[in-house]
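Have a look at the structure below, then the notes.
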Amino acid sequence: LAASMNGQSNYDTEARAVVALYGITDGTNGVTVTPSNTAVCPTGGNNCYSVTVTRAVPLFLAQVVGYMGDVVVNGQGSVALAATSVASRATEYCVLALASSGAEGIHTNGAPKANLAGCNVMSNTSATCNGHNLNADIGDAHGTNTNCGTVENSNTSVVSDPYSQYARQIPSNICTVYPQEPSRRGTQLPASNLWSGNYSTVGTQTVCGDLQLTGNVTLTGSGSILLVIVNGQLDLNGYTLQTAPGTTLTVVFTGSSSGGYTHAPTGSGTLDIAAPTSGPWAGVAIYQDPSLTSGVDISAAGNSPTWDITGLVYLPHASVTFSGAVNKSSNGSSCFVLVVDNLLINGTGSILSHSGCGSAGLVMPVSRSKLLN
């Protein structure tokens, strides 16, 4: 278990150290401890972790009847006894398809330019990658995995939603009306819903209805901002929303599934934001309230708008079409995690920012190590 939970290049050192806690030290008193990260799994595949402890036990009475053992230690006839334990690996994912709708979690239609190198992906149903394996390091699926990932695994355990509990932290709704953009409802948005220029603010900011940029926006407050959009979209409208150095942002979409509202970032432009590294929303950049089941889909994630994001994008009931390249925020670490209901990749789709989620304050979705025998 220690080796599999470590999962890094020094997994063998950790395994030997844990065994030593039980008084069994590699290289001492005829003991050999042999860890492996390519062990055959009881359910198939060879990506499990194993630790074999071999010890030479001296013989006494057996020598009287002529059995001298199979090894000699310090001139004493001995027999080598061994015990092996096998555990499944723990895997961190930068893409998790919850597939609570029952849809296929991950699907591609000939994606020769998709590049998820350095990223592991997981579908809680099946996964099918036509014509290209995404270059993902590991592709896991609870059902059948067809060609997704450099290493493909089917019939893996479901990964539970690790972020649904954040919904308890969404502030109570203080809105009474929800203005929508003229293109949707034929009315003009109030000035409070039209942003442009520099905003120096921290704490919770609530917008009732659609929020539209009318120019580039830089958030400059020294601290964390929680932007709560109730029954509305974040329309970048061709502009950039950016967090300045020292400023972090979590965008929460909440409200009602009725009323035909859009609860997502929209429009061309660039979303260049870094999530807070500590506090109740640590690591969370965009969060759709899991009670929302309509108006949540995204048809051009990473492309319209461009995503330069450090942190988690949580869209638990969304069908997401992924295109373009996701990069890190200009002022954030290399960390990006995408949680969706189901994901479609057509042609392109790259995640350029990963491996830095520890410094970004985000605990990534992870499969659990299991002791198998």
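Key figures
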quantity	calculated
Residues within the range 313-348 that are over 16 Å from the mean Cα position of the chain (by Cα) and part of a loop (DSSP other than H, G, I, E, B), tallied	9
Meets criteria (over 30 Å from residue 84 (Cα atoms), among the hydrophobic types (A, V, I, L, M, F, W, C) and buried (at least 24 other Cβ atoms within 10 Å of the Cβ)) for residue 344	no
Of residues in the range 175-185 being charged (D, E, K, R) and not in a loop (DSSP other than H, G, I, E, B), the one surrounded by the fewest Cβ atoms within 10 Å (Cβ to Cβ)	185
Members of the range 283-295 that are open to solvent by less than 10 Å² (accessible area, probe 1.4 Å) and over 18 Å from the mean Cα position of the chain (by Cα)	292
Selection from the range 296-312 of residues that are open to solvent by less than 30 Å² (accessible area, probe 1.4 Å), modelled with pLDDT of 95 or more and either more than 15 Å from the chain's Cα centre (by Cα) or acidic (Asp, Glu) (or both)	296
Failed criterion for residue 205 (all others in (1) assigned to a loop (DSSP other than H, G, I, E, B); (2) buried (at least 16 other Cβ atoms within 10 Å of the Cβ); (3) free of Cβ contacts under 8 Å to residues at least 24 places away in the same chain hold)	(1)
Total residues in the range 213-226, condition open to solvent by 30 Å² or more (accessible area, probe 1.4 Å) and part of a strand (DSSP E or B)	4
Unmet criterion (only one of (1) farther than 19 Å from residue 101 by Cα; (2) touching a Ser or Thr at 6+ places or on another chain (Cβ under 9 Å)) for residue 321	(1)
Single residue of 17, 56 found to be more than 29 Å from residue 334 (Cα to Cα) and either touching a His at 6+ places or on another chain (Cβ under 7 Å) or at pLDDT 90 or above (or both)	17
Residue in the range 256-265 that is assigned to a strand (DSSP E or B) and in contact (Cβ under 8 Å) with a residue 12 or more places away in the chain present	yes
Residue in the range 159-169 that is modelled with pLDDT of 90 or more, over 13 Å from the mean Cα position of the chain (by Cα) and either of a type in the set (D, E, K, R) or over 30 Å from residue 228 (Cβ atoms) (or both) present	yes
Residue selected from the range 231-255 under the condition out of contact with any Phe, Trp or Tyr (no Cβ under 7 Å at 6 or more places or on another chain) and part of a loop (DSSP other than H, G, I, E, B), by the criterion nearest to residue 211 (Cα to Cα)	233
The range 8-32, residues that are among the β-branched types (Val, Ile, Thr) and under 33 Å from the mean Cα position of the chain (by Cα)	13, 18, 19
Test: residue in the range 186-200 that is in contact with a strand residue (DSSP E or B) (Cβ under 6 Å, 6 or more places away or on another chain), of a type outside the set (Asp, Glu), open to solvent by 50 Å² or more (accessible area, probe 1.4 Å) and in a loop (DSSP other than H, G, I, E, B)	no
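The values are calculated or read from the model by the stated rules, or taken from the named source; none is laboratory data. Please read all numbers here as calculations on a predicted model, not as lab measurements. Glycine also receives a Cβ, built like all others from the backbone with ideal geometry; neighbour counts cover every protein chain displayed. The accessibility values were calculated without ligands, DNA or RNA, using every heavy atom of the protein model including side chains. Shrake-Rupley method; radii C 1.70, N 1.55, O 1.52, S 1.80 Å.
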